[in-house]
Amino acid sequence: KEKILLLSYSKASATDLEEKVKNIASGLEVSSFHALGLKILTESIGKKKAIEEQLKAYVKQFFEEELMKNPYMANDVFQYIALYFYAAPTYKKKYKNAGEIFKDLKVTDYTTLKDRLAKLSSNKDKHETLKSEFVKSNEELVIANYLFTNGINYIYEKPYKYETCTIDKRQYTPDFYLPDYDIYLEHYGIDRNQTAPQYSKEASDKYISSMLWKRQTHSEFGTKCIETYSYEFKEGTIFENLEARLKENGVEFNPLSQYEIFKALHNVYTGKDFTSFFNLLTTFTSLYKAQMKDDKGFDELNAQLTDSNYDTNRTRLFLSICKNIYNYYIQKIREENKIDFDDMILQSMELLDSTQNFKYKYIIVDEFQDISQSRTKFLQKLIQHGNARLFAVGDDWQAIYRFAGCDINVFLNFENIFKGAKLNYITSTHRNSAELQRVVEPFITANPSQYKKHIQSAKHQENPVRIIYYKRNKPAAFSKALEDISKINANSKVLVLGRNKRDIDSFICDEIQVFDYKKIIHAKFPNLNMSYSTVHGSKGLESDFVVLISGENATNGFPNKTEDDNVLTLLLGKKNDFEYTEERRLFYVALTRTKSIVYLLSEKVRSSDFIQEIKNKCFIIEDKSDFTEDNKYICPWCKSGHLIIRQSEINHKTFYGCSNFPYCSYTNNDIKSITDNVRCPECGDFLTVKKGKYGLFFGCHNFPRCKHTQPYDEIEKIG
């Protein structure tokens, strides 16, 4: 009988595959890639080696032990964290105004290094929490960190010393003020052509006009203002130029001492703020090790960097740090005579030529969209070793493991990599309804680089995607979904999905309990069989009903706004130009785990971009008790935020503030003027009732900048 090998991505998927095929044919060999590699390795050397699974632990150990012994290495890491961790932006999205940028800023975290370290110190000393210092772009963040690390005292957005506010303009607040030198510093998001690429043409013209007004203001009042520009980041001259301009104006540099750097680094890697940095280092080291034999690959990667700009300098510094971590890790596991998962594949490939075993006539690979470069080479070697025929099954719409080294380009270029290939399409589904497919198919095929498929289904389901909007009460929205499910089937199986493991924490209350981040019990619906999973962990699973709880436009919502760092493209290949490609596929996976209905929970005022995209094809459920009319009031300042009711921390009085706070600081404590929603025809703010010499009249809330008034009777008629 000809030997047939079935390969899958993970141990769990291989076990599932083995269960499925045991009734079809006996004697089929089923394995994961790593398990087969380990089997080849063990047979060849005659013993089973110890396996190391904790690369991240070694990265942390490197920071805690090795870094403190080497000041040069420590300085590199500190410089990277301060000046390069947040890369300069490439604007894909065009904004109509600053308010639209504020909405995106709400889901990012541009907290300065000075602020982070001050908070860590204050928390450790149990002092009062310091007020956060929010900056409005990653470039401003880098400049703030540059000033801090060079010992230059600054105040962010301190109101200009001379009054400039008018009916149209609020008080001018330059980006930075250096109080020791009475110097302002403005950073302008412009390119060499004197345009603002992050804005539409009309908004860009307004931005440039504002820039010229600022220059004129400093000239009229005789105040000093240093300028920096976005194109200096792109060209890699930002630090050189800024240093020269500061020194020309008498600013003294007092860089942090080595002790202060060590102390700052200790605070950084023992705090939670820089978890993503450790994750990036771990991911890159793992990907590198899966493709390179030794540390000479770092020199090869460096040789590819021919430019001299901000991004290139950032990448060179990152490669230098990673090379040290890689060598530390290799030395440690070799001293302990261990291998890791990458060794299982790389070392076994080299040993295949020396054995007559492991020759297969047919190789079947399941979940082929999860293939990586190293697994591709291993597979090619296996095919060559046994002159095998390959049959691969996969779905590029479900490729969601790029962060783990999986490369969808292998799937999309299958015919070029495996010559003589023939493509066949599976065009039907037995899990999802035809109605669900009509919602998800346009969403997932929006990316033109993926295979175009039309999936048919004989199943039918009314309103298969149901959005439950809430305002404040997440558990109530979750309970509403379960109530809807119970009316259909009170004993059904429910899969609850979050973007991350701990997303479910905010739903825990007296009625809702979570056990080991796996099982969920709701006091009112005890017969529902509920389990919890991340969306990544749910691939391959299915359930009667699905509830997705991560429906916000947030850093870790959908889409996740902190996508893979650009340095990973050195090992993974160029990312697709279509925005949020992997996030789109991940959302598609979440929607298609259901056999009937999927419920999407979303905070209405900051609903996920993806939910916004499909909402017109979905059934909308709103808990009216959780809403007031304040959602309809557009902020008169930023034009994109909504006015929402807040409460003062000082006197506990209620007022309306902008949803884009702290980036937009509009407030209005005249509740009736908001609910009446009568706007000033001159500035767009709200008209409020005032009492004058001749009785009641309507005046602008923006007074004294706007002095517009209207007779009280005239507004009454409008109302």
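The values are calculated or read from the model by the stated rules, or taken from the named source; none is laboratory data. Please read all numbers here as calculations on a predicted model, not as lab measurements. Cβ atoms come from the backbone with ideal geometry, glycine included; neighbour counts cover every protein chain shown. The area values use the complete protein model at the heavy-atom level, side chains included, leaving out ligands, DNA and RNA. Shrake-Rupley method; radii C 1.70, N 1.55, O 1.52, S 1.80 Å.
Taking amide H positions as placed 1.01 Å from N in the peptide plane, with prolines and chain starts having none, which residues 5 or more places from Tyr188, or on another chain, fall under 5 Å of its amide H?
Answer set, sorted by chain and number: Thr228, Tyr229, Ser230.
Where the centre of each part is set by its Cα atoms, how far does the stretch 653-671 sit from the stretch 510-554, in angstrom?
Using only Cα atoms, the two centres lie 35 Å from each other.
Quick one: give the max-minus-min coordinate of the C-alpha atoms of the chain along each principal axis, largest first, in Å.
104, 67, 50
Could you calculate the FRET efficiency of Glu462 with Ser354 from 1/(1 + (r/R0)^6), where r is the beta carbon distance between them and R0 is 56 Å, rounded to 0.05?
0.35
May I ask which of Lys474/Lys539; Lys39/Lys381; Lys56/Lys289 have a Cα-Cα span longer than 19 Å here?
Beyond 19 Å: Lys474/Lys539.
Determine the principal axes of the Cα atoms in the stretch 640-696, then give the extent along each, sorted from largest to smallest and rounded to whole angstroms.
Over the stretch 640-696, Cα extents along the principal axes are 38, 28, 16 Å.
Using 0.36 nm per residue of separation minus the Cα-Cα distance, give me the extension gain between Lys617 and Glu64 in nm, one decimal.
193.9 nm is the gain from fully extending Lys617 to Glu64.
Using every Cα-Cα pair within the stretch 273-406, state what percent have a distance larger than 25 Å.
Cα-Cα pairs of the stretch 273-406 separated by over 25 Å account for 41 percent.
Kindly rank 228-234, 149-155 from highest to lowest mean number of other beta carbons found within 10 Å of each residue.
228-234, 149-155
If you take every DSSP beta bridge fully contained in the chain, what fraction is antiparallel? Give it as a percent rounded to 5.
The answer is about 40 percent antiparallel.
If you take the beta carbon distance between Asp205 and Phe655 as r and set R0 to 35 Å, what does 1/(1 + (r/R0)^6) give as a FRET efficiency, to the nearest 0.05?
Result of the calculation: an efficiency of 0.50.
Ratio of the stretch 395-490's C-alpha Rg to 2.2 N^0.38 Å, to two decimals?
With N residues counted in the stretch 395-490, Rg over 2.2 N^0.38 Å equals 1.49.
For the stretch 206-326, what are the per-bin percents of Cα-Cα distances with bins 5 Å wide, up to the bin holding the maximum?
All Cα pairs, binned at 5 Å, distribute as 2, 8, 11, 12, 15, 16, 13, 9, 7, 4, 2, 1, 0 percent.
Along the Cα→Cβ direction, 7 angstrom out, place labels at Ala490 and Asn241. What is the inter-label distance in nm?
Distance between label points: 7.0 nm.
Could you give each residue of the stretch 380-391 its phi-based ³J(HN,Hα) in whole Hz, using Karplus coefficients 6.51, -1.76, 1.60 with θ = phi - 60°, and x for Gly or Pro?
Result, rounded to whole Hz: 4, 5, 4, 4, 5, 4, x, 6, 8, 9, 10, 10.
Order the peptides 449-457, 398-406, 190-198 from the highest to the lowest mean number of other Cβ atoms within 10 Å of their residues.
Per-residue mean Cβ counts within 10 Å order the peptides as 398-406, 190-198, 449-457.
With θ taken as phi - 60° and the coefficients 6.51, -1.76 and 1.60, list the Karplus ³J(HN,Hα) couplings across the stretch 288-304 in order, rounded to whole Hz; mark glycine and proline as x.
These are the phi-based 3J(HN,Hα) values: 4, 5, 6, 10, 10, 7, 8, 7, 5, x, 5, 5, 5, 5, 4, 5, 6 Hz.
Past the 22 Å Cα-Cα mark, which pairs from Lys361/Lys419; Lys480/Lys595; Lys293/Lys419; Lys206/Lys690?
Lys293/Lys419; Lys206/Lys690
Excluding Gly222 itself, what net charge comes from residues whose Cβ is under 15 Å from its Cβ, given Lys and Arg +1 and Asp and Glu -1?
After counting each charged neighbour, the total is +2.
Tell me, what % of the accessible area of the chain is carbon and sulfur with a 1.4 angstrom probe?
49
Using only the Cα atoms of the stretch 434-493, what are the Rg and Dmax in Å?
Rg then Dmax for the stretch 434-493, in Å: 15.7, 42.
What is the distance in Å between the Cα centroid of the stretch 414-432 and that of the stretch 307-343?
37
If amide hydrogens are placed 1.01 Å from N in the peptide plane, which non-local residues have theirs closer than 5 Å to the one on Asp685?
For Asp685, whose amide H was placed from the backbone, the distant partners under 5 Å are Cys680.
So if R0 is 51 Å, what FRET efficiency would Tyr712 and Tyr181 give, r being the distance between their Cβ atoms, rounded to the nearest 0.05?
Taking R0 as 51 Å, the efficiency between Tyr712 and Tyr181 is 0.45.
Can you work out the Karplus-derived ³J(HN,Hα) for every residue in the stretch 182-189? Use 6.51 cos²θ - 1.76 cosθ + 1.60 with θ = phi - 60°, whole Hz, and x for glycine or proline.
Coupling constants for the stretch 182-189: 6, 10, 9, 9, 10, 10, 10, x Hz.
I need the fraction of alpha carbon pairs in the stretch 475-601 separated by more than 20 Å, rounded to a whole percent.
Here the tail beyond 20 Å accounts for 45 percent of pairs.
Work from the charge dipole of the chain (Cβ charges, +1 for Lys and Arg, -1 for Asp and Glu, about the Cα centre) and give the residue of Thr42, Pro197, Ser596 farthest towards its positive end.
Positive-most Cα among the choices belongs to Ser596.
Sort 686-692, 252-258 by packing, meaning the average of other beta carbons within 10 Å per residue, with the highest value first.
686-692, 252-258
What is the Rg over Rh value, at two decimals, for the stretch 3-72, using alpha-carbon atoms and the Kirkwood definition of Rh?
So for the stretch 3-72, dividing Rg by the Kirkwood Rh gives 1.25.
Using 0.36 nm per residue of separation minus the Cα-Cα distance, give me the extension gain between His266 and Lys361 in nm, one decimal.
28.6 nm
Distance between the C-alpha centers of the stretch 10-38 and the stretch 364-395? Whole Å please.
14
Tell me which residues come under 5 Å, amide H to amide H, from Ser607 once H is placed; ignore anything under 5 positions away on its chain.
Asn553
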